[in-house]
Amino acid sequence: MSNSAPISRVALKEITPDVSAAMGSLHAAAVSAARDAKVEPELLELIRIRASQINGCAFCLDMHTKDARAAGETEQRIYALNAWRETPFFTGRERAALALTEAVTLVHDGQVPDAVYAEAAEVFDETQIAALIWAATVINAYNRIAIATRMAPGGYRPTPKN
């Protein structure tokens, strides 16, 4: 292990503003699709937190746990999310979404098994499944951006809800 100073990482928004804006547009489109499909914003935060836990993205965990709390999510459920299968705190709908999120996030490990997809299809319609897949895909992309550029956690503040 080296005692040298950390390497400065690229500021993607400054270097590639058009690509960063396109990523923001993708995120906005995914949120809009979820809203149109009647996927609860609280469920989207669980998806974002769970994918960020798997990927080890401190920046996104900081952001989305704060957003979840601001939206009324309980500390108990946030703390237990990493072990959601072992708790009674999550609904069948949430469990199906979390399983799908994990499968999309860990796509290299068995792809998205038919059983996971079928479980989601029992509680979500096609437009909702599409929205869930987009939500998982977008947060996975953001995790990779934040990790690759070493975005520092701690400074994010949720937008106050009026």
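Would you kindly state how much longer the chain becomes between V107 and A22 on full extension, computed as 0.36 nm times their sequence separation minus their alpha carbon distance, in nm to one decimal?
Numbers: separation 85, 0.36 × 85 = 30.60 nm, distance 2.37 nm.
That works out to 28.2 nm of additional length.
Accessible area per residue for the chain, computed on protein heavy atoms with a 1.4 Å probe, is 59 Å². When all alpha carbon pairs of the chain are counted in 5 Å bins from zero, the resulting P(r) reads 1, 8, 16, 21, 21, 15, 9, 5, 2, 1, 0 %. Taking the range 16-54 and a reference point 7 angstrom along Cα→Cβ of R144, the backbone N atoms nearer than 14 Å belong to 23.
Mind ranking F59, F124 by accessible surface for me, highest first, 1.4 Å probe? Write down the numbers at each step before the final one.
Numbers: F59 40, F124 10 Å².
The residues order as F59, F124, largest area first.
In degrees between 0 and 90, to the nearest 10, how far off the longest principal axis of the chain does helix 41-55 point, with axes built from Cα atoms? Roughly 60 degrees between the two axes. Taken over the range 98-148, the convex hull of the Cα atoms encloses 64 Å³ per residue. Could you work out how far apart the two model spin labels at R69 and S32 are, taking each label as a point 7 Å from the Cα in the direction of the beta carbon, and quote it in nm? About 3.2 nm, to one decimal.
Only helices enter the 222 nm calculation for the chain: every DSSP H run of n ≥ 4 contributes -39,500 (n - 2.57), and dividing by all residues gives -20500 deg cm²/dmol, rounded to 500. Of all lysines in the structure, the ones whose alpha carbon falls short of 24 Å from that of K38, not counting any fewer than 8 places away in one chain, are K66, K161. Here the Debye sum runs over all C-alpha atoms of the range 1-55 as equal scatterers in vacuum, and log10 of I(q)/I(0) at q = 0.28 Å⁻¹ comes out as -1.03.
Applying 1/(1 + (r/R0)^6) with r as the Cβ-Cβ distance of R157 and A118 and R0 = 41 angstrom yields a FRET efficiency of 0.55. Solvent-accessible area of the chain (1.4 angstrom probe, protein heavy atoms only): carbon and sulfur portion equals 58 percent.
The values are calculated or read from the model by the stated rules, or taken from the named source; none is laboratory data. Fair warning: this is a prediction, and the values are worked out from it, not measured in the lab. Every residue, glycine among them, receives a Cβ derived from its backbone with ideal geometry; neighbour counts consider all protein chains shown. Ligands, DNA and RNA are excluded from the accessible area calculation, which covers all protein heavy atoms including side chains. Shrake-Rupley method; radii C 1.70, N 1.55, O 1.52, S 1.80 Å.
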